[in-house]
1. Restricting attention to segment A:187-218, which GluC sites (Glu not before Pro) occupy a DSSP loop and are surrounded by at most 11 other Cβ atoms within 10 Å?
2. How high is the relative contact order of segment B:3-218, given as a whole-number percent (alpha carbon pairs under 8 Å, six or more residues apart)?
3. For helix A:227-238, report the angle its Cα long axis makes with the longest principal axis of the Cα atoms of chain A; keep it between 0 and 90° and round to the nearest 10°.
4. Quick one: helix B:71-124 against the long Cα principal axis of chain B, what's the angle to the nearest 10°, folded into 0 to 90?
5. Would you please give the FRET efficiency between A:Arg193 and A:Phe27, computed as 1/(1 + (r/R0)^6) with r the Cβ-Cβ distance and R0 = 25 Å, to the nearest 0.05?
6. Nearest 10 degrees is fine. How inclined is helix A:185-194 to the longest principal axis of chain A, computing both from alpha carbons?
7. In the Gaussian network model of chain A, springs joining C-alpha atoms below 10 Å, which of A:Asp152, A:Asp65, A:Asp80 carries the largest mean-square fluctuation?
8. Distance from a point 7 Å along Cα→Cβ of B:Asn68 to each backbone N in segment B:178-201: keep the residues under 11 Å and list them by number.
Amino acid sequence: MKTTQTIFEDGGHKWTAIVRDPAKPEFLIDTNEYLVQHGGQGLLLDPGGSEIFPAVFSALSSEFDPSKIAGIFASHQDPDIVSSLALWLEFNPQMKCHVSWLWGSFIPHFGGKGDTFVPLPDEGAVIPLAGLQLQAIPAHYLHSSGNLHLYDRQARILFSGDVGAALLPAEKQGLFVEDFSSHIRFAEGFHRRWMGSNEAKRQWCERVSHLEIDMLCPQHGAIYQGADVQRFINWFDELHVGVLRS
Amino acid sequence: MTAEENTSEWQGGDEAFVPVATESSSGAALDLLRIVRINEEIKRVVSVAFKINIMALNAIFLAKRAGNAALGFGVLSNELRVFSKDLREGMMALTRQIHDLVAEVSVILQESRYDRVFAEAALAAPDHAQLHTVLERREARHGERADRIASLRRGLRLAIDDAARLVELGGVLAKSAKIEAAYGAGFASSLGQVSGEFDGIVEEIRSSLDSLRRSGFFGGSA
């Protein structure tokens, strides 16, 4: 079973990371899910693949009523991101899935109906959650051609999908990056191969440099916090991506 | 390939398929395989029925050339053309039923995967009341789907029985054509050959339909 860890809390405004399942089969990539709570409602970020649904569900439901999940934010269309959609919809069929307009007719293959999906425009959009204004930030081609991240200005947290992801070895399973220079080695190959556009990467670095970010939360690996956030952005800005091998 | 060869491949195919399916989905997977086999047999019957149409057309021309001696043969050839058309239409209706069945069984296969995932979730969170509500709702939906499949299964079986009755008529027509061929004077030999082919083809269709009726999908042994 996965564990939950609160990474931000301010009254009824809370970010919970759902991470690290020791029972997960090795052939499945490890993923981080995040739950944003505000005003008694929840927004689940990249809820994960259907195979890990039991682990995510049991961890999440120990913290939060799944029927109160008002929506899902899918950074892009990959199966490890959102193939569990149909399972979550069983708990609240009115739940909305916020995703790039580009994938509006693709993701329904995982479940949902026409009115399940809220298409996000390329320039991003505000996603309201019980009065909280969350901002979908463009991250196209990083790695998906229709890709968005989610910024919470109040919590100063950026959910960055696959950007910042690291494929960590078994002995380095901490939730937060502790030593940037040793951690980033586990992120380098991933970013070189999976991120397809240097231009898109440049634009993203420029865009997020203007945001106040205390935590950068990727879908795989560990969370960057404090000075490591800017360190990561600088590192990524200089990395040559879109290559087969480093 | 003869119908008998098809039948033996059918049995072997089912047996070979079972181990690759998960335990919970193996029934639906087996049904899907049987439906696919039924569909292949239906396509085969449609193809043979079309052959009867062409043969009957040629037989009508032959009867015209034979003149008064083959008037009866000509009438029967025309009836065989009508039989061919009716049979193809019947088979197309079967194909539509097959399509509906494939859709339902495919959903069961997909749902059985989700059932497994929910079962694991129930083990991980055994006291979660809402999860049990979801499981009950899913169980009710499974029941409704099973009823729909049972109804489609009955409908398909009835349609195959209807087709089999139609083929009995085709058999009578082919046998009558054989008798009429004997009165074909100088054309008797040619007409006899054509009517013999009719008889053989109708027999082939009958054999196909018999194997369909024996399908494991309808509780049979094939």
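1. When the GluC sites (Glu not before Pro) of segment A:187-218 are filtered for loop state and at most 11 Cβ neighbours within 10 Å, A:Glu212 remain.
2. 30
3. 70
4. 10
5. 0.85
6. Once rounded, the angle reads 70 degrees.
7. Highest fluctuation of the listed residues: A:Asp65.
8. Output list for this probe position: empty.
Taken together, the values in this text are just the output of simple stated rules run on the coordinates, not laboratory data. On a predicted model such as this, the values are computed, not experimentally measured, just so you know. All Cβ positions, glycine included, derive from the backbone under ideal geometry; neighbour counts span all protein chains shown.
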